[in-house]
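Heads up, the thing below is written out as structure tokens.
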């Protein structure tokens, strides 16, 4: 059906694993496990889209396996179909109570297995689409604030493991309320879309990330980027927006629409995300606005994730002088 889908087939009998593999391998990627412990390891490592799980296995049966799967945050979302010779109503009821999405009794009819697998994977696909939509800003079609929080936490933890710097940039459209009042909200929406695309154009690495934080504010995550290089990225963003040449003669920041940016860099060392890093970048944004807008202000780079106070912030870049 779709090579993106991966199935984990768990059965202690080699013949059963072979039969299910031959039945489904043309449509899906197949992972095999011959016991419960192996099944849990491979579910953690590979995060399959669907698990076909035998009930009667030595040492750790299928019921114990699904209990362990549902107890873990990493695997509880994976749908499980029991495929078992136990075919009583009570067996099926128990499997469904434990969280299985379906129960197929052996000996099974191959076309029925194919259809049930396909139907459940279609549900997985639809759920993923809904989840993706929930993480996308409907106007600019870039990630939203909720997705930012997820990516920020993920990159924070990754930088802890590698002892790497993590930089944040907060971007704000200059005098946006006045633009809306002057040209109308429809024109303001167009501007936000163009700014979002301009920011994306300035980000060159796959790991660089931008989200709409709210209103006319955007936030950029730059993993493995120190303050010096982060400042350069901030200036690229500012210039990319300026080069859009969006007329805005009413702006006190210049004849064209512009953005102000605040940035900060830290080296994460604590498991919980430190809100101080974002607060420092946001304070730098305030300083950029206070200094006349259309500029980048970057905080001094601390040795650890706890930032120094913003009194010592240095204005690094100014447009037009």
- Note on the structure: For the chain, percent of DSSP beta bridges that are antiparallel (nearest 5) comes out at 60 percent
- Item | Contact order relative to length of the chain, as percent, for alpha carbon pairs under 8 angstrom and 6 or more apart | 12 percent
- Alpha-carbon centroids, the range 247-284 and the range 43-80: separation in whole Å: 44 Å
- Message: Order 291-297, 159-165 from most to least packed using the mean count of other Cβ atoms within 10 Å.
- Response: 291-297, 159-165
- With Cα coordinates, the longest principal axis of the chain makes an angle with the long axis of helix 275-290, in degrees rounded to 10, of 30 degrees
- Cα-projected label distance for residue 145 with residue 118, points at 7 Å along beta-carbon direction, nm: 4.4 nm
- Item | Modelled FRET efficiency - R0 51 Å, residue 164 with residue 15, Cβ distances, 0.05 increments | 0.55
- Residue-normalised 222 nm signal for the chain, counting each DSSP H run of n ≥ 4 as -39,500 (n - 2.57), nearest 500 deg cm²/dmol, is -14500 deg cm²/dmol
- Note on the structure: Residue span residue 244 to residue 74: 0.36 nm per residue of separation minus Cα-Cα distance leaves a gain in nm of 56.9 nm
- Item | Value of relative contact order over the range 6-134, rounded to a whole percent, pairs C-alpha under 8 Å and six or more apart | 21 percent
- Query: Which order do 283, 185 fall in if you start with the one that has the fewest other Cβ atoms within 10 Å?
  - Reply: 185, 283
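Bear in mind that the values in this text are calculations on the coordinates, not laboratory data. Worth saying up front: this structure is predicted, and the values here are computed from it rather than measured. Virtual Cβ from ideal backbone geometry, glycine too; neighbours counted across all protein chains shown.
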